[in-house]
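The values are calculated or read from the model by the stated rules, or taken from the named source; none is laboratory data. If you're wondering where the values come from, they're calculated on a predicted model, not measured in any experiment. So basically every Cβ, Gly included, is an ideal-geometry build from the backbone, and we count neighbours across all protein chains shown. When the accessible area is computed, the model is the full protein with side chains, heavy atoms only, and any ligands, DNA or RNA have been set aside. Shrake-Rupley method; radii C 1.70, N 1.55, O 1.52, S 1.80 Å.
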Amino acid sequence: DSVSGPRAGSGFASLIELIQTVIQRTVETGARRDGKGEIVTGEGAAIQALLDRRDLARWVALWEKIGRRAALAERINLDRGQIVISALSGLTGPGRL
C-alpha cells in the first residue's frame with residue numbers, strides 16, 4: 001500500500017498507528033522512569049533519546065495532534081502523505097509541535 005493515492009487507506013492507518021505507538025511507548029516509559037519493558041534490544045536508548053527532546057506533556061499533545069489530523073484526513077480526503085510527513089517530523093524534529 002502507498003501512503004497516498006487511491007489505495008492509501010490501510011497503509012496510511014498502519015503508519016499513523018505505528019507512529020502513535022512509538023509515542024505511546026515513549027510516554028509510558030517516561031512515566032515509569034524505570035527503563036523496563038523493552039520490547040526490542042535498543043528500544044530503551046531510542047526512547048530515552050526521544051524523551052530528551054521534550055517533556056511528557058508535549059509528547060501526549062503530539063499524539064493527540066497526530067490522531068486529530070489523521071481523522072480529519074480520512075473525513076475530508078486530505079493529502080495523507082503530508083500528514084505522515086508532519087507526524088514523522090514531530091518525532092524527529094526539534095522540541096516543538
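How many residues are in contact (Cβ under 8 Å) with a residue 12 or more places away in the chain and either open to solvent by less than 40 Å² (accessible area, probe 1.4 Å) or part of a helix (DSSP H, G or I) (or both) if we restrict to the range 41-54?
Narrowing the range 41-54 to residues in contact (Cβ under 8 Å) with a residue 12 or more places away in the chain: 43-44, 47-48, 50-51, 53-54.
When the remaining residues are screened for being either open to solvent by less than 40 Å² (accessible area, probe 1.4 Å) or part of a helix (DSSP H, G or I) (or both), the result is 43-44, 47-48, 50-51, 54.
The qualifying residues number 7.
With respect to the numbered conditions (1) in contact (Cβ under 8 Å) with a residue 24 or more places away in the chain; (2) within 22 Å of Ser86 (Cβ to Cβ), which one is the sole condition not fulfilled by Ala31?
Evaluating Ala31 over (1) in contact (Cβ under 8 Å) with a residue 24 or more places away in the chain; (2) within 22 Å of Ser86 (Cβ to Cβ) leaves (2) as the failure.
Here are some residues: Ala31, Ala57. Which one is loosely packed, with under 12 Cβ neighbours inside 10 Å and modelled with pLDDT of 90 or more?
Numbers: Ala31 fails: modelled with pLDDT of 90 or more.
Checking each option against the conditions leaves just Ala57.
Of all the residues that make up the range 70-82, how many are among the basic types (Lys, Arg) and either closer than 22 Å to Glu28 by Cα or open to solvent by less than 90 Å² (accessible area, probe 1.4 Å) (or both)?
Just the residues of the range 70-82 that are among the basic types (Lys, Arg), to begin with: 75, 80.
Among the residues that remain, those that are also either closer than 22 Å to Glu28 by Cα or open to solvent by less than 90 Å² (accessible area, probe 1.4 Å) (or both) are: 80.
Looking only at that region, the number is 1.
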